[in-house]
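Asks: One structure coming up, written as structure tokens, with questions to follow.
What follows draws every value from the coordinates through simple rules; no lab data is involved. Please read all numbers here as calculations on a predicted model, not as lab measurements. Don't worry about glycine lacking a Cβ; one is built from the backbone with ideal geometry, like all the others, and counts go over all protein chains shown.
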Amino acid sequence: MRILITGADGRLGKCLQSILAQHTIIPASKSELDITDFAAARTFVKSAAPELVIHPAAWTDVEGCARDPEHAVLVNGFGAQHVALAAAELGAAFLYISSNEVFNGRASQPYREYDATAPINPYGYSKWVGEQTVMRVNPRHYIVRTAWLFAHGGKNFIQAILNAANAGKALRVVINEIANPTYTDDLAAAIAQLVETERFGIYHFVNEGVCSRYEFARYALDQCGYAETPIQPISSQMWQRASTPPDYAPLANHAGKTVGITLRPWREAIDAFLAKEGLNK
């Protein structure tokens with residue numbers, strides 16, 4: 001299968017290229033493909049002639065999106081529409097990476113794929129716009145929502161916490177934000193399974209289980225020899241930021257399980273990440 005991967009220089013994009021290496025991969029970095037320019041995107045996709053487009057390309061700076069919501073919608077919403085429409089003109093399928101932040105965080109149990117969306121911040125809204133535009137222009141679509149990604153080769157929550165602990169800094173972590181820590185390697189593997197099925201629709205791919213940011217940080221520290229390092233639990237209201245994340249936005253993988261795709265529990269995923277990084281003690 002010929003697969004075009006946007007955002008190919010990002011961490012998920014690189015991971016997807018590796019795990020889908022048995023296919024013919026056409027990687028497209030940000031510098032090669034301007035998704036905000038429809039004519040340019042259309043020309044690029046047409047020349048690539050893919051059978052499937054996987055679209056991790058996005059503006060993922062949540063705080064930046066809050067400061068410039070119009071640009072967030074342009075990139076994450078209409079940028080996705082441009083590429084999805086170009087793919088549809090070729091009869092190619094389209095897979096859009098979305099977020100748990102399309103939900104408002106007021107649920108009492110993890111969100112299933114077809115629960116009502118109601119984003120409460122500009123990043124979540126821009127990803128919701130992307131979902132809506134993709135579903136309208138390309139009937140052969142997959143929407144894959146995920147949450148709290150951590151990956152090799154760049155900044156992530158685990159590395160930030162460990163760096164702060166190693167530097168002897170005081171740690172303050174939010175206790176009332178709850179979701180699913182998700183290992184990018186596991187997400188990429190799930191996507192690779194999904195695209196073989198042609199079972200189009202909405203999917204929630206997260207590592208199994210739910211925790212708070214505080215529990216996430218505590219587990220990573222404990223596994224890396226910092227069990228004695230204290231963390232001050234704080235509420236999200238005590239952490240000043242431009243964006244307002246949903247308090248309770250874990251995802252339930254209901255649709256994926258119906259086609260035999262599950263991800264391991266989040267603690268096991270963190271253990272695997274730390275082992276690969278050589279950080280666990």
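Asks: Can you pull out the chymotrypsin sites (Phe, Trp or Tyr not before Pro) in the range 36-141 whose DSSP state is coil and whose Cβ has at most 14 other Cβ atoms within 10 Å?
Replies: Working: sites: Phe38, Phe44, Trp59, Phe78, Phe94, Tyr96, Phe103, Tyr111, Tyr114, Tyr123, Tyr125, Trp128; in loops: Trp59, Phe103, Tyr114.
Those that pass, being in a loop and sparsely packed, are Tyr114.
Asks: Further question: What is the sum of charges, Lys and Arg at +1 and Asp and Glu at -1, for the other residues whose Cβ falls under 15 Å from the Cβ of Ala242?
Replies: Working: positive: Arg67, Arg241; negative: Asp61, Glu63, Asp68, Glu70, Glu101.
Net charge in that neighbourhood comes out at -3.
Asks: Just checking my list [x] 14.0; [y] 21.9; [z] 17.2 against mean projected area of the Cα convex hull in nm² computed from this structure; which label fits?
Replies: Given [x] 14.0; [y] 21.9; [z] 17.2, the structure-derived one carries the label [x].
Asks: In addition: Among Gln109, Gln193, Gln17, which one shows the biggest mean-square fluctuation in a GNM of the chain, springs joining Cα atoms closer than 10 Å?
Replies: Highest fluctuation of the listed residues: Gln109.
Asks: Given the chain, what percent of its DSSP beta bridges are antiparallel, to the nearest 5?
Replies: Around 5 percent of the beta bridges assigned by DSSP in the chain are antiparallel ones.
Asks: Which of the peptides 131-140, 251-260 is most tightly packed, and how do the rest follow, going by the mean number of other Cβ atoms within 10 Å of each residue?
Replies: Result, highest mean Cβ count within 10 Å first: 131-140, 251-260.
Asks: Just to confirm a number: summing +1 for Lys and Arg and -1 for Asp and Glu over residues other than Leu279 whose beta-carbon lies under 14 angstrom from that of Leu279, what do you get?
Replies: Neighbourhood net charge equals -1.
Asks: Taking the Cβ of Ala269 as the center, what net charge do the other residues with Cβ under 13 Å away carry, scoring Lys and Arg +1 and Asp and Glu -1?
Replies: -3
Asks: Can you give me the pair-distance distribution of the range 100-169, C-alpha pairs, 5 Å bins, whole percents?
Replies: Per 5 Å bin, starting at zero, the Cα-Cα P(r) for the range 100-169 comes out as 3, 13, 18, 17, 15, 13, 11, 5, 3, 1, 0 percent.
Asks: I need the trypsin sites (Lys or Arg not before Pro) found in the range 162-207, filtered to DSSP loop residues with at most 12 other beta carbons within 10 Å of theirs.
Replies: Qualifying residues, ordered by number: Lys169.
Asks: List the aspartates and glutamates whose alpha-carbon lies under 16 Å from that of Lys46, not counting same-chain residues fewer than 8 positions away?
Replies: Output for Lys46: Glu32, Asp34, Asp37, Glu89.
Asks: Which of the residue pairs Lys30/Lys169; Lys155/Lys281; Lys30/Lys127; Lys14/Lys281; Lys30/Lys155; Lys30/Lys257 have a Cα-Cα distance greater than 25 Å in the structure shown?
Replies: Correct reply: Lys30/Lys169; Lys14/Lys281; Lys30/Lys257.
Asks: From Cα pairs below 8 angstrom and at least 6 apart in sequence, can you work out the relative contact order of the chain, rounded to a whole percent?
Replies: The normalised contact order for the chain reaches 20 percent.
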